[in-house]
Amino acid sequence: MAITLPALPYADTALEPHISANTISFHYGKHHKAYVDNLNKMIDGSDLAGKSLEEIIKATAGKADQQGIFNNAAQVWNHTFYWNSMAPNGGGKPSGALAKAIDDSFGSFDAFAEKFKTAGATQFGSGWAWLVAKDGKLEVRKTANADTPLTEAGVTPLLTMDVWEHAYYLDFQNRRPDYMGAFLGNLVNWDFAEKNFAG
């Protein structure tokens, strides 16, 4: 069974004015779709055909001869996770157990937000900022290119922010900090993060 491009969880205009339908049309309709198409071509007829996206990622992680397959598979997964990490009328602060875990792990929500934005700002070139759970504690991570915390045993990704230029350039040009501020202030989907945290 081929890997498919998951439907967006909202209309392509739903994140405006922060992320435009124009950005979505390129980012989702061209970049994300290309990763799906490339992956299907690469695994066609191989022993990876018919496996789930997560199985493909874990089977190819760290293997130099399968780097191309890993890159495309991880980018499909990371982007799907990113779309779900945002919601129309998102932003603000989490509640319940996740809010308490953020306070326990970082000292305060504001301290978390600063650390998360710093991870995104200091990711040189292309990559991702993540909030993950590990051993009952929360951590902020950054990964380059297609790398994903999904490959690390005992780590549960809770949400991610794409800091590849194609995620924000049409709307924010080179102002990555403004994009990150809009992500946390107006877009982040805490309900999604809370579900991931609850397992």
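General remarks:
- Ranked 131, 98, criterion: other C-beta atoms within 10 Å, fewest first: 98, 131
- Partners of residue 51 within straight-line reach, counting lysines whose Cα lies under 19 Å from its Cα and excluding those fewer than 8 residues away in the same chain: 33, 41, 63.
- As a size descriptor, the averaged projected area of the C-alpha convex hull of segment 21-84 was calculated at 4.4 nm².
- The mean sequence separation of alpha-carbon pairs under 8 Å and at least six residues apart, normalised by the residue count of segment 96-198, gives a relative contact order of 25 percent.
- Over segment 1-149, the fraction of Cα-Cα pairs per 5 Å bin, rounded to whole percents and listed from the shortest bin up, is 2, 8, 15, 18, 18, 17, 12, 7, 2, 0, 0.
- Taking label points 7 Å from Cα along the Cα-to-Cβ direction, residue 191 and residue 178 give a separation of 3.0 nm.
- Cα-projected label distance for residue 165 with residue 44, points at 7 Å along beta-carbon direction, nm: 3.2
- Fully extending the segment from residue 52 to residue 89, taken as 0.36 nm per residue of separation minus the present Cα-Cα distance, adds 10.1 nm.
- Between residue 137 and residue 198, the simple label model (points 7 Å from Cα in the Cβ direction) yields a spacing of 2.6 nm.
Only the coordinates and a few stated rules stand behind these numbers; no lab work does. From a predicted model like this one, the values you see are computed outputs, not experimental measurements. Reconstructed Cβ throughout: ideal geometry from the backbone, glycine too, with neighbour counts over all protein chains shown.
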